[in-house]
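J.: For reference, the structure I am asking about is given below.
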Amino acid sequence: MGSKKILAIFGNVALFGQERANIQVFEILKDAGHDILLAVNDRGFQWHIQPEIEKRNLKFKKIRFSWNLKKTKSFKTIKMYFTDIFKSNFQLFKLIKEYNPDVIHVCNDTQVLTLLPVLLFTSIPIIYRLGDIPPIKSISYRFIWSKLITKRINKFVCISEFVKSELLKINPVLNNIDIIYNLPTKRIILNTEEDQLPKKDSNLITFVYIGQINEIKGVRILVNAFEDLNDRFANTRLLLAGDTEHSVLAKELMKEANLIKYKNRIQFLGKVNNIDALLNIGDIGVFPSIYNEPLSNVIGEAKKNGKASIIFNSGGMPELVQHNYDGYISKTKNKEGLLEGLTYYVENPEQLKIQGDNALKSLVSLGLNMNSFTSKWLKVYE
């Protein structure tokens, strides 16, 4: 396979699952010998994304990306939004002329929508890694997707069957779709990054949550369900890893936990760099997303560490878990349904090891290993 020049449009500024997964794809393409250049955001790139890009020696070029319109929609905000769209298209057009890529790689719906003027009128093939369902609730967005985007993209790479099914609702005759699950996130840990993690305690069954501390991730439901669990079984503990500094919900739940009897049983750890170390302290992962999550990186990370997962039947997440084989899929998306799952493992502790081993084995069958992931992505670029 010949080396290709790939221009990846990557204007994100946060560093969550979607961003980590995309960075992993970029690194694989670079290591395979492709010349890849990232078009990154000239505002906010340095906050979280730049250190990850530089650790992997990925090339980048800063251009303007438009911010999403805020709810206020003031005249100033609207003016800046459309001014930025003009700037971003002009700078992308210029970058394409300078770099002359063989392929353009896109991976964010907002960026695709705002950069359509250039993307529609270039003949360069476009590969779209679709890490979320298309935003088609409004008539205008649905029109743009059905009449413009789906007809312009040369190849869609969906991260789950669920995302593919949502894409086909827009254009049922699409046949240029591949599915490649996310690889368990590769996290580069610096020696200077030390986490203050609790000790492993074999006398406790430790449940671990990793992710954003917000309502749609089911964190409030999880904490409330665990409180009921701990009232019945004192040998349980819940560890939650995620940004607490910028989360209103985290502050609220932490305050409650400190005021009631669960102080030593519910621990908010804040951001954790060494996720593998955290999962090895725990016995099982709990990821009860309420919304239809496209997939889940943390389920893969749990599997990699030999841990089963308790989840809700949300979006693409059940594609990674077989009920009572390598995890537990709650019947209902509420406290009662989640409590049943938590209780199951406390009452059947031998299943923690059995299903954890099954979870590790499932990495191969699901294609969640480096060989499979690399092979599939290189085939996309053949």
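J.: I need two numbers for the chain: Rg to one decimal and Dmax as a whole number, Cα atoms only, in Å.
T.: 21.8, 66
J.: Hey, how much of the P(r) for the stretch 186-251 falls beyond 14 Å, as a percent of Cα pairs?
T.: Working: 1417 of 2145 pairs.
For the stretch 186-251, the fraction of Cα-Cα distances above 14 Å is 66 percent.
J.: Helix 335-347 versus the longest principal axis of the chain: what is the Cα-based angle in degrees, 0 to 90, to the nearest 10?
T.: 60
J.: Can I ask one more? What FRET efficiency comes out for N154 versus M370 if R0 is 35 angstrom and r is the Cβ-Cβ distance? Round to the nearest 0.05. It would help to have the intermediate numbers written out before the result.
T.: Details: r = 26 Å, r/R0 = 0.74.
Efficiency computed from Cβ-Cβ geometry: 0.85.
J.: Determine the dipole magnitude for the chain: charges of +1 sit on the beta-carbon of Lys and Arg, -1 on that of Asp and Glu, nothing else is charged, the reference point is the Cα centre, and the result goes in debye to the nearest 20.
T.: 1480
J.: If you take all C-alpha pairs in the stretch 49-163, what percent of them are over 22 Å apart?
T.: Values: 2745 of 6555 pairs.
Counting every Cα pair in the stretch 49-163, those more than 22 Å apart make up 42 percent.
J.: Ok, one more. Using only Cα atoms and rounding to the nearest 10 degrees, what angle (0 to 90) does helix 350-365 make with the longest principal axis of the chain?
T.: For 350-365 against the chain, the angle is about 20 degrees.
J.: What FRET efficiency, computed as 1/(1 + (r/R0)^6) with R0 = 41 Å and r the Cβ-Cβ distance, is obtained for I354 and S146, rounded to the nearest 0.05?
T.: Values: r = 47 Å, r/R0 = 1.14.
Result of the calculation: an efficiency of 0.30.
J.: Let me ask another. In whole Hz, what ³J(HN,Hα) sequence does the stretch 118-132 give by Karplus (6.51, -1.76, 1.60; θ = phi - 60°), x for Gly and Pro?
T.: Those phi angles translate into 7, 4, 6, 10, 9, 8, 5, x, 10, 10, 10, 7, 8, x, 8 Hz.
J.: V286's amide H: which non-local residues (gap 5+, or another chain) put their own amide H closer than 5 Å, with H modeled 1.01 Å from N in plane and none for Pro or chain starts?
T.: Excluding prolines and chain starts, which carry no amide H, the hits are V208, Y209, I210, I310.
J.: Let me ask something else about it. Any idea what angle helix 75-99 forms with the longest principal axis of the chain, computed on alpha-carbon atoms, 0 to 90 degrees, nearest 10?
T.: For 75-99 against the chain, the angle is about 70 degrees.
J.: With the calculation restricted to Cα positions, what are the radius of gyration and Dmax of the stretch 138-204 in angstrom?
T.: Cα only, the stretch 138-204: 20.7, 59 Å (Rg, Dmax).
J.: Next up: What accessible area per residue comes out for the stretch 89-137, rounded to a whole number of Å², with a 1.4 Å probe?
T.: Numbers: 2120 Å² over 49 residues.
Accessible surface, normalised per residue, equals 43 Å².
J.: Label-point separation (nm) for K261 and I177, each offset 7 Å from Cα along Cα-to-Cβ?
T.: A separation of 5.1 nm, rounded to one decimal place.
J.: Right, here's the next one. Rounded to the nearest 0.05, what FRET efficiency is calculated for L15 and E245 with R0 set to 22 Å and r the Cβ-Cβ distance? Walk me through the numbers on the way to the answer.
T.: Values: r = 14 Å, r/R0 = 0.65.
That gives a FRET efficiency of 0.95.
J.: Report, please, the projected area of the stretch 284-332 averaged over directions, based on the convex hull of its C-alpha atoms, in nm². The partial results should precede the final answer.
T.: Numbers: hull surface 11.4 nm².
If you wrap the Cα atoms of the stretch 284-332 in a convex hull and average its projections, you get 2.9 nm².
J.: Another one. Per q in 0.14, 0.22, 0.24 Å⁻¹, report the Debye log10 I(q)/I(0) for the stretch 156-267, using one uniform scatterer on each alpha carbon and no solvent.
T.: With one equal scatterer per Cα and no solvent, log10 I(q)/I(0) is -0.77, -1.20, -1.32.
J.: Measure off 7 Å from each Cα along the Cα-to-Cβ vector at I188 and T83, then give the distance between these two points in nanometres to one decimal.
T.: The two pseudo-label positions are separated by 3.5 nm.
J.: Next question, about the same structure. At a 1.4 Å probe radius, carbon and sulfur cover how many percent of the accessible area of the stretch 1-58? Don't skip to the answer; put the middle values down first.
T.: Working: 960 of 1990 Å².
For the stretch 1-58, the apolar C and S fraction of the accessible surface comes to 48 percent.
J.: Another one. Arrange the peptides 304-310, 2-8 so that the one whose residues have, on average, the most other Cβ atoms within 10 Å appears first. Mind dumping the intermediate values first?
T.: Values: 304-310: 23.3, 2-8: 17.4.
Sorting 304-310, 2-8 by mean packing, highest first, produces 304-310, 2-8.
The values are calculated or read from the model by the stated rules, or taken from the named source; none is laboratory data. Note that the coordinates shown come from a computational prediction; the quantities given were computed from them, not determined experimentally. Don't worry about glycine lacking a Cβ; one is built from the backbone with ideal geometry, like all the others, and counts go over all protein chains shown. Areas reflect the complete protein model, heavy atoms only, side chains present, ligands, DNA and RNA absent. Shrake-Rupley method; radii C 1.70, N 1.55, O 1.52, S 1.80 Å.
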